[in-house]
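One structure is given here, and the rest of the page talks about it.
The values are calculated or read from the model by the stated rules, or taken from the named source; none is laboratory data. Just so it is clear, the model here is predicted, and its values are computed rather than measured. When we count neighbours, we look across all protein chains shown, and the Cβ atoms used for this are built from the backbone with ideal geometry, even at glycine. For accessibility, only protein heavy atoms count, side chains too; no ligands or nucleic acids. Shrake-Rupley method; radii C 1.70, N 1.55, O 1.52, S 1.80 Å.
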Amino acid sequence: MLSELSAIYYNTELLIPPIPDFRISESKIIGIYNKLKEPGGYQYKNLDLQADPPTLSTRRDDGESICKISKDKIRIEETKPNTAMTLDEFANVVKTVMQAIGSDMVPFFVQRCTMRFLSQPHGSKDAIQLLAGKLANVYDKIAPFGRPPSYFGVRFRFAPAIEVELEDDDSEGSTGGDSPESSFSRNAMRVERDDDESGPVIHKGFITLRFESYSGDHRQIWIEVAAQYPDPVMVNAMDEVERNIRHTYDFVNDKAKRFLEQFDAMPNPETEDGGENK
């Protein structure tokens, strides 16, 4: 079993439609920053007006909090948040910034969320053995390189999808023209449901998921999820913004973690390499 995931980076971006009249003016940006300094705001300690874009930040020994508002994008991020704030606290920071923006803004047309985590395998000696040896099953086929890899990674991409119950007669008389891949390209796939619920299950967002060996410690797995939600969001619709943040977080801490744990079996005592080579 993998260790609990440790967050090392949270980021969310809200994009303004690429129309000149919708862009945020410099005076509006400064007004938002001043609003954040008022009681009830999130009081960043530093303001750099000469940065492009002007940047609010709070530097810590082990990380940094940043808020950047440009003409067409709002970016809020936390580096090494695990020692400074929880996901709930990060969501509250985003909510506070959006409240400072006010309701006179046009809708954001895309929200992006990026999160990074570390995890320690328990059934593998390091991340490369788990990712290359067990997940990808290529560790015993690297002889042509003449040396073992220092790093290894795997990447998945997921399009928005809709799960609907597979009818019994769908398998009869099927032309075989639709493959799972072609269904994904239409943002809809038909699968058998494991539960008794009726109706479609909607999987939101374009998601890229990466597993890599961590440069700071080869025993740990570096995990990144980058999600893009192309649904317009009003400034005062914080529930939707927070929902996207939590959906991104849960995709890693639930789905991605359970996926990796299928391969992180405890070593086979009959072999020295965890049972990869027999």
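Rounded to the nearest whole Hz, the Karplus-based 3J(HN,Hα) values (6.51 cos²θ - 1.76 cosθ + 1.60, θ = phi - 60°) of segment 132-142 follow the sequence 7, x, 9, 6, 8, 6, 10, 4, 8, 10, 9, with x at glycine and proline.
Straight-line cross-link partners of residue 134 among the lysines, defined as a Cα under 20 Å from its Cα and at least 8 positions apart when in the same chain: 125, 255, 257, 278. Taken about its Cα centre, segment 25-72 carries a charge dipole of roughly 180 debye when the Cβ of each Lys and Arg holds +1 and the Cβ of each Asp and Glu holds -1. 3J(HN,Hα) along segment 45-50: 8, 10, 10, 10, 7, 8 Hz, from the Karplus curve 6.51 cos²θ - 1.76 cosθ + 1.60 with θ = phi - 60°, whole Hz, x for Gly and Pro. For segment 90-130, carbon and sulfur atoms together expose 45% of the accessible surface, with a 1.4 angstrom probe and every protein chain in place.
Based on a Kirkwood Rh over C-alpha pairs, give the Stokes-Einstein translational diffusion coefficient of segment 1-143 at 10 °C and viscosity 1.306 mPa s in µm²/s. Let's see the in-between values first.
Details: Rh = 17.4 Å.
In µm²/s, the coefficient is 91.
Between residue 259 and residue 1, the distance separating the two model label sites (each 7 Å from Cα on the Cα→Cβ line) works out to 2.1 nm.
The residue 147 and residue 9 beta-carbon pair, evaluated with R₀ = 22 Å, returns a calculated FRET efficiency of approximately 0.10. The dipole here belongs to segment 84-170: it is taken about the Cα centre, uses +1 on the Cβ of Lys and Arg and -1 on the Cβ of Asp and Glu, and is about 980 debye.
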